[in-house]
Amino acid sequence: MRAPDFAGILPAYPTPTTPEGAVDEGALRKLLRFLLGAGVHGLVPVGGTGEYTALSRAERTRCVAISVEEAATHSPRVPVVAGILSPGFAEAVEAGRDFAAAGADALLLITPFYVTPTQAGIADYFRAYRQAVDLPILYYDVPTRTRIVVAPETLAALAADGTIIGMKACNTDIDHFNRTARLVGEDFALLSGEDTLYPAHLALGAKGGILATAALLPHFWLRLHAAGIQGDIAAAVREQRRLIPFFDAIFAECNPGPLKEAMAMAGLKCGSALPPLRAPGPDLRQKLAGVVADLRTQGVLVDA
């Protein structure tokens with residue numbers, strides 16, 4: 001697949017788990033069929049929302065394989081972009097090769113964390129990774145987790161030589177996004193990763209988004225995306241502002257704990273967040289129940 005194939009709404013979805021903490025394959029397939037039935041443009045398993053760091057290597061690969069299987073039953077076939085949150089090169093390569101063997105179409109690769117590389121070191125890392133794993137790479141830009149900001153110029157250089165074909169932008173610095181959009185070119189799969197900034201990112205050149213709340217509200221995000229892509233940014237902003245109380249609840253604690261709770265309220269069993277995360281407490285559960293009920297009343301939420 002090429003960069004233009006990675007556009008539109010690509011939900012980053014939780015990994016459903018059993019009370020014992022194992023992957024709940026039946027619940028995962030139900031979730032994927034719900035998303036594909038809504039018409040999403042791609043699937044993003046594991047990664048941060050999918051609790052990559054809490055799953056075993058075998059569990060991660062199985063989640064990707066199930067996502068590929070379900071995507072293959074849907075027409076048109078949508079891409080599967082597997083998220084990799086490994087902190088270093090060797091483990092990330094293992095994961096990438098596992099996901100390639102499972103049928104993934106591309107990888108969403110984070111900057112190595114714990115160490116603090118230079119811009120040149122980051123470029124070396126991604127170029128070496130692309131040589132080691134034969135899949136397209138979308139760079140995962142999330143400096144709140146990695147403590148590293150990759151310069152727009154570095155991203156443009158990696159795009160120019162074909163090392164990366166796109167990125168998920170979770171940097172809330174709008175100026176950084178705008179400068180990146182200016183440098184990477186029209187063929188680059190520039191994707192928003194910030195649910196709270198999506199209309200702004202569209203206005204500045206995003207081709208779509210890898211969004212966590214699209215796992216629960218795919219129909220809503222698809223309508224909002226269509227308005228924005230057609231140039232009606234004002235309508236996209238009005239729609240997105242309807243979700244502000246929902247964002248306040250969903251992002252009150254580290255993702256995906258509150259999101260899993262809200263999804264269960266909508267008929268999508270996901271289990272609890274895996275350690276070290278915990279299920280939301282009574283106060284947050286009550287708040288989540290209220291915002292989910294409001295979204296249902298407004299017609300924003302389509303139950304599974």
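The values are calculated or read from the model by the stated rules, or taken from the named source; none is laboratory data. This is a predicted model, so every value here is computed, not measured. No Cβ is skipped: glycine too gets one built from the backbone with ideal geometry, and neighbour counts run over all protein chains shown. The accessibility values were calculated without ligands, DNA or RNA, using every heavy atom of the protein model including side chains. Shrake-Rupley method; radii C 1.70, N 1.55, O 1.52, S 1.80 Å.
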Taking the alpha-carbon centroid of each part, what is the distance from the range 14-29 to the range 124-180 in angstrom? 31
Report, to the nearest whole %, how much of the accessible area of the chain belongs to carbon and sulfur atoms, 1.4 Å probe, protein only. 53
Which residues' amide hydrogens lie under 5 Å from the amide hydrogen of residue 12, considering only partners 5 or more residues apart or on another chain, with H built in the peptide plane? 211, 212, 214, 215
Ignoring ligands, DNA and RNA, how do 20, 25 rank by accessible area with a 1.4 Å probe, largest first? 20, 25
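Quick one, can you get me the convex hull of the C-alpha atoms of the chain expressed as volume per residue in Å³?
Numbers: hull volume 35.4 nm³, N = 304.
Output value, Cα hull per residue: 116 Å³.
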How large is the accessible surface per residue of the range 1-110, computed with a 1.4 Å probe and reported in Å² as a whole number? 34
A correct Stokes-Einstein calculation for the range 103-216, using the alpha-carbon Kirkwood radius, 37 °C and 0.692 mPa s, returns a whole-number D in µm² s⁻¹ of 232
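Please list the equivalent ellipsoid semi-axes of the range 1-58, computed as the square roots of five times the alpha-carbon gyration tensor eigenvalues, in descending order and whole angstrom. List each step's numbers first, then the result.
Working: eigenvalues 108, 42, 12 Å².
Semi-axes (√(5λ), whole Å): 23, 15, 8.
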Specify the residue with the greatest mean-square fluctuation among 68, 115, 40, computed from a Gaussian network of the chain linking alpha-carbon atoms under 10 Å apart. 115
So, for the Cα atoms of the range 235-274, Rg and Dmax in Å stand at 11.8, 37
When the label point is put 7 Å from the Cα of residue 120 along its Cα-to-beta-carbon vector, which residues of the range 145-182 have a backbone N closer than 19 Å? 149-159, 161
Put one equal scatterer on each alpha carbon of the range 163-239, apply the Debye formula with no solvent term, and list log10 I(q)/I(0) at q = 0.20, 0.26 1/Å to two decimals. -0.82, -1.29
Cut-off under 5 Å, modelled amide H: who pairs with residue 189 long-range: 166, 167
Less than 18 Å apart at the alpha-carbon level, and either on another chain or at least 8 residues along: which lysines does that give for residue 168? 207
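How high is the relative contact order of the chain, in percent, with contacts defined as C-alpha pairs under 8 Å that are six or more residues apart?
Numbers: 564 pairs, mean separation 59.0, N = 304.
In percent, rounded to a whole number, it is 19.
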In whole Hz and in residue order, list the ³J(HN,Hα) couplings for the range 64-78 that follow from phi through the Karplus curve 6.51 cos²θ - 1.76 cosθ + 1.60, θ = phi - 60°; x for Gly and Pro. 5, 4, 5, 4, 5, 4, 5, 4, 5, 7, 9, 10, x, 5, 9
Cα-based Rg and Dmax for the range 41-183, where Dmax is the largest Cα-Cα distance (Å): 14.7, 43
Mind jotting down the three principal axis lengths of the range 214-304 based on Cα atoms? Whole angstrom, largest first. 42, 24, 20
Where the Cα pairs of the range 130-178 fall when distances are cut into 10 Å bins, in %: 24, 54, 21, 1
Show me, for the range 190-207, the HN-Hα J-couplings you get by feeding each phi into the Karplus relation (A = 6.51, B = -1.76, C = 1.60, θ = phi - 60°), rounded to Hz, glycine and proline as x. 7, 10, 6, x, 10, 4, 6, 10, 4, x, 5, 5, 4, 4, 9, x, 4, 8
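Restricting the count to DSSP beta bridges whose residues both fall in the chain, what percent are antiparallel, rounded to a multiple of 5? Let's see the in-between values first.
Working: 1 of 26 bridges.
Just about 5 percent of them are antiparallel.
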In a shell of Cβ-Cβ distance under 11 Å around residue 68, excluding residue 68 itself, what net charge do Lys and Arg (+1) and Asp and Glu (-1) give? -1
